[in-house]
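All of the numbers you see were taken from the coordinates with simple rules; none came from a lab. Source: prediction; values computed, not measured. Backbone-built Cβ (ideal geometry, glycine too); neighbour counts: all protein chains shown.
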Amino acid sequence: MKTWVYGGLRIADGHAVTMCAFSRNSAGWQRFLTLLEQANPVGTIAVITDSLSSHNSVSTRE
């Protein structure tokens with residue numbers, strides 16, 4: 001069984017946001033983005049992604 005790890009880092013203070021998932025899909029990616037927003041309620045969030053379809057799916061863009 002594979003486990004995927006999503007991760008983000010707040011550069012200013014080194015705070016990390018991570019999440020484990022059993023698959024790489026749009027729902028998991030969107031859950032991770034929600035965690036990022038909750039951990040960073042103010043200011044700009046820069047997201048760097050690859051070409052994985054869940055990063056650019058219709059439901060993610062909405």
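Sorting check: for 17-26, 37-46, 53-62, which peptide has the highest mean count of neighbouring beta carbons within 10 Å, and how do the rest follow?
Values: 17-26: 13.7, 37-46: 8.9, 53-62: 11.7.
For the peptides 17-26, 37-46, 53-62, the packing ranking is 17-26, 53-62, 37-46.
For Val47 and Met1, what does the FRET efficiency come to when R0 = 30 Å and r is the distance between their Cβ atoms, rounded to the nearest 0.05?
Here the calculated transfer efficiency is 0.65.
With everything on Cα atoms, drop me the angle between helix 26-39 and the longest principal axis of the chain, reported from 0 to 90° to the nearest 10.
The answer is roughly 10 degrees.
Pop out the ³J(HN,Hα) list for the stretch 49-56 in order, Karplus 6.51 cos²θ - 1.76 cosθ + 1.60 with θ = phi - 60°, rounded to Hz; leave Gly and Pro as x.
Values per residue, Gly and Pro as x: 10, 9, 8, 4, 4, 5, 6, 10 Hz.
Using percent of Cα pairs over 15 Å apart as the read-out, say which of [x] 63; [y] 53; [z] 58 was calculated from these coordinates.
[y]
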